[in-house]
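Notes to accompany the following structure.
The values are calculated or read from the model by the stated rules, or taken from the named source; none is laboratory data. Owing to the predicted nature of the structure, the values given are computational and were not obtained by experimental measurement. FYI the Cβ positions are ideal-geometry reconstructions off the backbone, even for glycines, and counts take in every protein chain you see.
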Amino acid sequence: MTPLERFLDTFFNAAVLAKYAPAILQGVWVTVELSVLIVLSGIALGGLLACVRAYRVRLLSFGIVIFADIFRALPPLVLILIVYFGLPNAGIFLSSFVVLYAILTLILAAFAEEILWAGITSVAKGQWEAARSTGLGFTQALLWVVLPQAVRLAIPPLTNRAIAITKMTALGTVIGVPDILNQATTAQSFSGNASPLMLAAVAYVLLFMPFVVLSRWLESRFAWRKV
Amino acid sequence: MIDPRAARTADPTAPAAAPAAGRPALEIAALHKSFGATTVLSGIDLAVAPSELVFVLGPSGSGKSTMLRCCNRLEEPDSGTILLKGTPVTGAGVNLNQIRQRIGMVFQAFNLYPHLTALKNVTLALRKVRGLSRAEAEARAVEALTQVGLADKAGNHPAALSGGQQQRVAIARALALEPEVMLFDEPTSALDPELVGDVLAVMRDMKSAGMTMLVVSHEMKFAQEAADRVIFMDGGSIVEQGPPERIFGAPEHERTRAFLSRVTGG
Amino acid sequence: MEKFAEQFLNLEIMAAAWPTVVQGLWVTLLICLVVIPMGMAGGLLAALASLSPRRAVRWPMIAFVDFFRAIPPLVLLIFVYAGLPFAGLDISPFTAVAVAFFLNNSAYYGEIFRAGLLSVGTGQAEAARSTGLTAGQSLAHVVLPQAVRNVLPDLISNTVEVVKLTSLASVVSLGEMLHQADLARSVTYNASPIVLAAGIYLAILWPCVRLISRFERRMAT
């Protein structure tokens with residue numbers, strides 16, 4: 001075998017690819033399902049927390065800051081292992097899917113809260129005053145005047161963060177979530193060939209590349225707002 | 001209409017006791033406000049009659065903006081009472097959001113909502129506070145925008161409008177709520193000189209339509225021709241007041257004279 | 001509640017696991033010491049290339065950066081660690097971590113440096129060149145310092161992410177802190193050693209996270 005043949009046989013073995021493609025496709029659905037759930041609930045929870053923080057109730061804000069700090073500072077894998085291996089011994093049994101979903105949702109919520117809060121605080125005070133001067137209540141001013149502007153500021157960093165965190169669904173492999181990476185490593189050890197890993201890498205790139213390109217476009221589009 | 005709380009919150013020495021017929025549109029009595037150790041307002045008394053245009057002059061830091069912002073409680077007064085047509089604005093238990101609809105405010109920096117079109121800037125409070133239907137709100141918004149001469153810009157976002165146009169949309173936003181009093185906080189200070197005229201023209205129209213207006217500004221010429229009364233503030237209190245001819249022609253106080261000669265350069 | 005405390009905050013088990021976890025901490029710090037400077041250097045090169053006036057340089061570099069931003073770091077790491085040996089390249093876990101992190105970090109630091117360099121007006125480089133500085137000198141002494149200052153919060157934020165990502169090395173059995181803590185967990189059937197590791201991560205990273213929030217608030221006003 002020439003080196004090229006050997007390379008192709010290792011990473012692009014047609015027989016191996018054909019055999020394990022269905023399994024990896026199943027993994028794609030798990031990854032997509034998890035990603036969509038995490039993005040929707042993480043951003044919703046983060047937005048809710050940022051709004052609660054806007055009321056500046058000291059105890060609530062303090063709790064939110066502590067939550068956001070801890071979930072931003074701890075490595076996701078650390079949190080996943082603590083919950084996945086710790087809870088059963090404490091009598092609580094959660095599937096690996098639920099653990100991964102819950103932890104990544106909380107992490108995204110922590111980052112989304114910080115990003116949206118930064119957005120809310122950067123909306124000029126005059127916007128609040130104009131809204132309140134026309135008789136809008138605090139909640140109305142927050143929802144209709146301030147939050148839409150904060151969201152606009154938050155979209156580029158939020159997109160980047162959402163991509164980074166949904167990519168972490170690959171960590172599910174460690175606790176046995178049947179995602180793309182898990183299917184690929186299983187296939188690789190059965191087949192003794194690296195083609196399934198290559199297929200997994202391709203699947204991830206196809207899945208996430210559109211969003212990476214989108215984030216690049218969003219950044220250039222919103223860049224003028226910084227000036 | 002008479003609020004039972006009015007008797008409790010109103011200062012008995014304030015002009016609130018005046019007979020209902022001659023009742024002022026806006027009454028400020030013994031208004032005090034400090035920021036930390038700095039006293040900004042030390043006992044302001046002022047009554048604005050219906051349809052009167054009161055023009056407030058004074059050096060920066062004299063407290064004129066703070067006085068204005070106390071009138072709709074964007075700034076919380078330390079003490080004193082403010083009545084709007086006899087209804088208390090100050091004191092506990094006041095429905096602030098309701099009273100603010102009756103007091104329009106125009107800001108130096110326009111403060112238009114950048115994410116909404118001119119039309120939606122105007123309809124937001126109509127829909128969310130007044131609870132008008134979309135069609136009703138839009139009809140009234142178009143009316144208000146027509147009043148300021150910008151009906152054709154209804155679909156534009158603020159970024160696509162000139163400063164003068166933005167300020168006129170901001171006026172329409174306040175006008176659409178049919179306020180009983182309008183507060184202007186240096187409405188032309190952020191504008192290029194050539195755009196000031198359009199905004200002042202709108203204000204003149206409002207005046208002739210009978211609006212009660214309290215205007216903080218540096219537009220002396222406008223004050224001379226449109227104001228019913230000019231008030232000179234310095235150091236947190238009213239130094240003197242009177243018709244524009246007298247304040248500009250023969251000011252009594254040395255501080256007023258010094259200020260006027262400084263701003264008119266004469 | 002007691003069950004929880006015993007399972008997650010068991011001080012005896014933490015004390016027993018302490019030497020193992022601290023051993024892992026040194027490996028974690030060693031990884032950081034290697035991958036952070038490498039990633040920053042790679043990122044700076046990627047940024048300069050992606051701003052090159054030559055299309056043949058710029059587009060491939062942007063594609064490179066986007067590719068590594070699209071691929072999950074763990075997939076990259078496993079690909080390097082488990083895939084390359086098939087091609088006859090036998091590498092140690094540490095080398096695999098270094099290679100995977102270099103590729104991933106270069107992409108992320110690259111984007112940050114790119115934004116930083118773009119934030120410095122062209123007038124700065126022109127002024128520097130007009131006084132006779134070379135292109136390299138004007139970059140090093142005039143443009144880069146301003147670029148770094150402009151994106152400092154993002155640089156710190158990404159560095160926090162890199163430190164957190166070193167925990168992935170546990171998956172390829174590199175004995176860093178999480179790996180050691182998980183080892184202790186599997187021996188004791190108790191999550192407390194990982195909680196201990198989490199405490200150490202927090203002690204190191206919480207101040208950084210606070211600092212980032214402070215920065216964000218200052219930029220806002």
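Taking the condition within 14 Å of chain B (Cβ to nearest Cβ), touching a Leu at 6+ places or on another chain (Cβ under 7 Å) and either surrounded by fewer than 24 Cβ atoms within 10 Å (Cβ to Cβ) or part of a helix (DSSP H, G or I) (or both), does A:Ile165 pass? No.
Taken as a whole, the condition of being within 13 Å of chain C (Cβ to nearest Cβ), under 30 Å from C:Leu9 (Cα atoms), among the small types (Gly, Ala, Ser) and touching a residue at least 60 places away in the same chain (Cβ under 8 Å) does not apply to A:Ala73.
Of everything in region A:50-70, what is aliphatic (A, V, I, L, M), away from chain C (no Cβ under 14 Å) and assigned to a helix (DSSP H, G or I)? Give them in sequence order. Spell out how you get there, then give the answer.
Let us first name the residues in region A:50-70 that are aliphatic (A, V, I, L, M), namely A:50, A:52, A:54, A:57, A:59-60, A:64-66, A:68, A:70.
From what's left, away from chain C (no Cβ under 14 Å): A:52, A:57, A:59-60.
The answer is A:Val52, A:Leu59, A:Leu60.
Any chance region C:63-70 includes a residue that's away from chain A (no Cβ under 13 Å) and exposed (fewer than 15 other Cβ atoms within 10 Å of the Cβ)?
Our first condition is that a residue be away from chain A (no Cβ under 13 Å); within region C:63-70, this holds for none.
For region C:63-70, residues away from chain A (no Cβ under 13 Å) and exposed (fewer than 15 other Cβ atoms within 10 Å of the Cβ): absent.
State yes or no: is C:Val65 among the aliphatic types (A, V, I, L, M) and without any contact (Cβ under 8 Å) to a residue 12 or more places away in the chain? Before you say what the answer is, go through the steps one by one.
Numbers: among the aliphatic types (A, V, I, L, M): yes; without any contact (Cβ under 8 Å) to a residue 12 or more places away in the chain: no.
No: the conditions fail for C:Val65.
For every residue, the table says whether it meets (1) touching a residue at least 40 places away in the same chain (Cβ under 8 Å); (2) within 13 Å of chain C (Cβ to nearest Cβ); (3) surrounded by 20 or more Cβ atoms within 10 Å (Cβ to Cβ); (4) touching a Phe, Trp or Tyr at 6+ places or on another chain (Cβ under 7 Å).
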| position | (1), (2), (3), (4) |
| --- | --- |
| A:Phe12 | yes, yes, no, no |
| A:Val16 | yes, yes, yes, no |
| A:Lys19 | yes, no, no, no |
| A:Val36 | no, no, no, no |
| A:Leu40 | no, no, no, no |
| A:Ile43 | yes, no, yes, no |
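For region A:169-195, the candidate set comprises residues that are closer than 27 Å to A:Ile82 by Cα and not in a helix (DSSP H, G or I); within that set, the residue that is farthest from the other protein chains (Cβ to nearest Cβ) is A:Pro178.
Within region C:110-137, the residues that satisfy the criterion of being surrounded by 13 or more Cβ atoms within 10 Å (Cβ to Cβ) and more than 28 Å from the chain's Cα centre (by Cα) are C:Gln124, C:Ala125, C:Ala127, C:Ala128, C:Arg129, C:Leu133.
Restricting C:Leu76, C:Leu133, C:Leu89, C:Leu165 to residues that are within 12 Å of another protein chain (Cβ to nearest Cβ) and not in a helix (DSSP H, G or I) narrows the list to C:Leu89. Within the option set A:Ala73, A:Ala54, being touching a Cys at 6+ places or on another chain (Cβ under 9 Å) and among the aliphatic types (A, V, I, L, M) holds for one residue only, A:Ala73. Scanning region A:120-150 for residues that are touching a Leu at 6+ places or on another chain (Cβ under 8 Å) and basic (Lys, Arg) yields one hit, A:Arg132. Across region C:168-195, the qualifying residues are those that are surrounded by fewer than 22 Cβ atoms within 10 Å (Cβ to Cβ) and of a type in the set (S, T, N, Q), and the one among them that is nearest to the other protein chains (Cβ to nearest Cβ) is C:Ser186.
A single entry from A:Leu108, A:Leu94, A:Leu104 fulfils the requirement of being at pLDDT below 95 and more than 8 Å from every other protein chain (Cβ to nearest Cβ): A:Leu94.
Just one of the numbered conditions (1) in contact with a strand residue (DSSP E or B) (Cβ under 6 Å, 6 or more places away or on another chain); (2) modelled with pLDDT under 95; (3) not small (Gly, Ala, Ser) is not true of B:Met220: (1). Note on region B:181-266: enclosed strands (runs of 3 or more DSSP E) holding 3 or more residues that are more than 27 Å from B:Leu112 (Cβ to Cβ) are B:229-234, B:237-242. For region B:98-108, taking the residues that are out of contact with any Leu (no Cβ under 7 Å at 6 or more places or on another chain) and either among the polar types (S, T, N, Q) or modelled with pLDDT under 95 (or both), the one that is surrounded by the most Cβ atoms within 10 Å (Cβ to Cβ) is identified as B:Arg100.
If you go through region C:92-106 and keep only what is of a type in the set (S, T, N, Q), crowded, with 19+ Cβ neighbours inside 10 Å and more than 12 Å from chain A (Cβ to nearest Cβ), you end up with C:Asn105, C:Ser106. Please go through region B:82-111 and give me each residue that is within 20 Å of A:Thr139 (Cβ to Cβ), more than 8 Å from chain A (Cβ to nearest Cβ) and touching a residue at least 40 places away in the same chain (Cβ under 8 Å), ordered by number. If the condition is that a residue be within 20 Å of A:Thr139 (Cβ to Cβ), more than 8 Å from chain A (Cβ to nearest Cβ) and touching a residue at least 40 places away in the same chain (Cβ under 8 Å), then B:Gly93, B:Val94 are the ones that fit.
Quick one: would you say C:Leu202 is surrounded by 19 or more Cβ atoms within 10 Å (Cβ to Cβ), under 30 Å from C:Ser92 (Cα atoms), within 13 Å of chain A (Cβ to nearest Cβ) and at pLDDT 90 or above? No, not satisfied. What do you reckon, is B:Leu126 touching a residue at least 24 places away in the same chain (Cβ under 8 Å), over 27 Å from B:Ile82 (Cβ atoms) and more than 14 Å from the chain's Cα centre (by Cα)? When the stated conditions are applied, B:Leu126 does not pass them.
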